[in-house]
Amino acid sequence: MRATRVAALLLACAVLGGTASACTGAGAGVSGTPGAAGLRDPYFPKLGNGGYDVTHYDLRLAVDRSAGHLTGTATITARATQDLSAFHLDLVGLDVTGATVEGRPAAVNRAGGELVLRPDAEVADHLRKGRTFETVVRYSGAPRTLTDADGTHEGWLRTVDGAVALGEPAGGPTWFPGNHHPSDKATYTVAVTVPEGLTAVSNGELVSHRTSGTGTGNTGTSHTGARTVTYTWRTTEPMASYLATVAIGRFRTEESRTDEGVTVFTAVDPGVAAEAEPELARVPQILAWEAERFGPYPFRSAGAIVDRAEDSEYALETQNRPYYPGPPTAGLLVHELAHQWFGDSVTPADWQDMWLNEGFATYAEWLWSEEHGDTPAGESFEDAFADDANWAFPPAEPPTAAEISEPPVYGRGAMVVHRLRLAVDDDAKFFALLRGWTTAHRYGNASTEEFTAYAEKATGLDLSRLWSVWLYGDGRPADATAPDLPAR
Ligand code: TRP
Ligand code: ZN
């Protein structure tokens, strides 16, 4: 599923040596043009690929006991958005051992983070604009840990007792080939085979877990004689690839159901379980509280994955089931669960729109403190206003990729939301606006410009000063009390 804002690069049809264009589709031979190598994201231009739109990923992964080696088969169902002669997938590291498109072997090339597939000429008709085609990539190797522009780590992280895949913003390609840009959301089936004793947790719902001995044709392990377990997870609501995860380790798991019928599946490292479980017991309450303010919880399942504090530098709003290094506080639960609405269901059109995630998730914390603590949101606003770190750049315009997760995106992003609440001057209307926003773009993508247009239409107010001062303005305004609305 593809958002409209990021335009696919449509390459002109080549006229080679004066002979007929390859684009008419008439005649023999390969027709169409190659899909673009990237979607020209303002911060990560090579992420994602042009010419197709993934609808479903089926990932079969087998991981060894150290969780440092992976064997995978990715079956990718996609719809061509142009006549394709070749196309790219994003994949970092790992060895590709074979690929087919529509059941026929495809030629494979690697260049940096790009995997280029050239389908057999015989199936060219199956890659015409509008048609759905299936690609299978077989791969194996030691998946990589990447160091982000900001110095933190993502991709495949080894943990004390296994591994976890964290994909924001560019870690997805370390563990599966795909269209790794937030604008192309898809459904997923993730089946992970691990040595018995380890658990594999992913997004969505657990469909099955099956134990196998050896000699059954199962490729799950190189330890002959060892039994393996295959955990199969299914995500039926669209998901951006940066929100896909798999966590492997020794986990204590628990499943329950909220009053609203949402399945809550938690997986907790036994070493932190005593401390984490009382906190996780609040998840249903927090979800219900957020649903009142942000609209119905968008997914059929929820939960948490809790590893040890040393396993990662940060929490992440992995879809359905956020990831926490160590026991989460109530504030962190509120933040990551708010992302299920802001980020996961309504996903940024590109990485410049990150404040639509972090500003709203931070504002959810302010709202929680206002109602469950003794800090009104206005006080959180004043604290954020006083903090120099929030004024380094406007939230809608991080200067570089290294800064998309800096304080202005979070704190000043939340200040934008608070100013909007003040401008609306009616909490019932303000929360109705938030619910309208999450409804309008549920399971899709949205941009900053769509948000500002939406807010103006929904309120009927001239919010131009609010955007120019708080969202796009350079530096701290002299007077935080000046009204954002024009005098009337
Ligand atoms: N989105 C995460 C959160 O707010 C934080 C985060 C982790 C992040 N890794 C990142 C943000 C990479 C931007 C880029 O909980
Ligand atoms: Zn966040």
message: List pairs: first residue in region 327-338 and open to solvent by less than 10 Å² (accessible area, probe 1.4 Å) and of a type in the set (Val, Ile, Thr), second residue within 11 Å of ligand 2 (Cβ to nearest atom) and outside any loop (DSSP other than H, G, I, E, B) anywhere in the structure, Cβ distance under 8 angstrom, at least six positions apart or on different chains.
response: 334/364; 334/365
task: May I ask you to list the residues in region 396-415 that are within 12 Å of ligand 2 (Cβ to nearest atom), under 20 Å from the mean Cα position of the chain (by Cα), among the small types (Gly, Ala, Ser) and not in a loop (DSSP other than H, G, I, E, B)?
output: 413
- request: For residue 112, indicate whether it is more than 23 Å from residue 235 (Cβ to Cβ) and open to solvent by less than 60 Å² (accessible area, probe 1.4 Å).
  value: no
message: One residue is enough: does region 364-387 have a residue meeting the conditions under 21 Å from the mean Cα position of the chain (by Cα) and open to solvent by less than 40 Å² (accessible area, probe 1.4 Å)?
response: yes
query: Quick one: would you say residue 75 is surrounded by fewer than 18 Cβ atoms within 10 Å (Cβ to Cβ), touching a residue at least 12 places away in the same chain (Cβ under 8 Å) and under 20 Å from the mean Cα position of the chain (by Cα)?
result: yes
message: Quick check on my filter: what residues within region 429-444 are under 14 Å from residue 356 (Cα atoms) and of a type in the set (Val, Ile, Thr)?
response: 438
query: Any residue at all in region 126-145 that is within 16 Å of ligand 2 (Cβ to nearest atom), part of a loop (DSSP other than H, G, I, E, B) and over 28 Å from residue 252 (Cα atoms)?
result: no
query: Do we find a residue being at pLDDT 95 or above, open to solvent by 40 Å² or more (accessible area, probe 1.4 Å), among the charged types (D, E, K, R) and outside the structural domain of residue 403 (by TED's automatic domain parsing) anywhere in region 4-18?
result: no
message: For region 349-361, check the following and say yes or no: at least one residue is at positive phi and in contact with a strand residue (DSSP E or B) (Cβ under 6 Å, 6 or more places away or on another chain).
response: no
- request: Kindly indicate which of 204, 172, 151, 178 is within 17 Å of residue 243 (Cα to Cα) and within 15 Å of ligand 1 (Cβ to nearest atom).
  value: 172
query: Do we find a residue being in a helix (DSSP H, G or I), modelled with pLDDT of 95 or more, within 16 Å of ligand 1 (Cβ to nearest atom) and open to solvent by less than 60 Å² (accessible area, probe 1.4 Å) anywhere in region 464-472?
result: no
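Per-residue answers, yes or no, for (1) more than 22 Å from the chain's Cα centre (by Cα); (2) farther than 26 Å from residue 169 by Cα; (3) away from ligand 1 (no atom under 16 Å from the Cβ); (4) of a type outside the set (S, T, N, Q):
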residue: 252; (1), (2), (3), (4): yes, yes, yes, yes
residue: 262; (1), (2), (3), (4): no, yes, yes, yes
residue: 268; (1), (2), (3), (4): no, no, yes, yes
residue: 274; (1), (2), (3), (4): yes, yes, yes, yes
residue: 287; (1), (2), (3), (4): no, no, yes, yes
residue: 292; (1), (2), (3), (4): yes, yes, yes, yes
residue: 311; (1), (2), (3), (4): no, no, no, yes
residue: 316; (1), (2), (3), (4): no, no, no, yes
- line: When region 408-460 is checked residue by residue, the ones that are crowded, with 17+ Cβ neighbours inside 10 Å and among the hydroxyl-bearing types (Ser, Thr, Tyr) are 410, 438, 447, 448, 452, 459
query: Here are some conditions: (1) touching a Pro at 6+ places or on another chain (Cβ under 7 Å); (2) open to solvent by less than 10 Å² (accessible area, probe 1.4 Å); (3) more than 16 Å from ligand 2 (Cβ to nearest atom). Residue 316 meets all but one. Which one does it not meet?
result: (3)
message: I'd like the full set of residues that are under 27 Å from residue 67 (Cβ atoms) and open to solvent by less than 50 Å² (accessible area, probe 1.4 Å), limited to region 247-269.
response: 247, 248, 249, 251, 263, 264, 265, 266, 267, 268, 269
- request: Being charged (D, E, K, R) and outside any strand (DSSP E or B) is the filter here, so list the residues in region 56-113 that pass it.
  value: 64, 65, 83, 102
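The values are calculated or read from the model by the stated rules, or taken from the named source; none is laboratory data. Given the structure is predicted, the values throughout are model-derived calculations rather than measurements. Note that each Cβ is placed from the backbone with ideal geometry, even for glycine, and that neighbours are counted across all protein chains shown. With ligands, DNA and RNA removed, areas are computed over all heavy atoms of the protein, side chains included. Shrake-Rupley method; radii C 1.70, N 1.55, O 1.52, S 1.80 Å.
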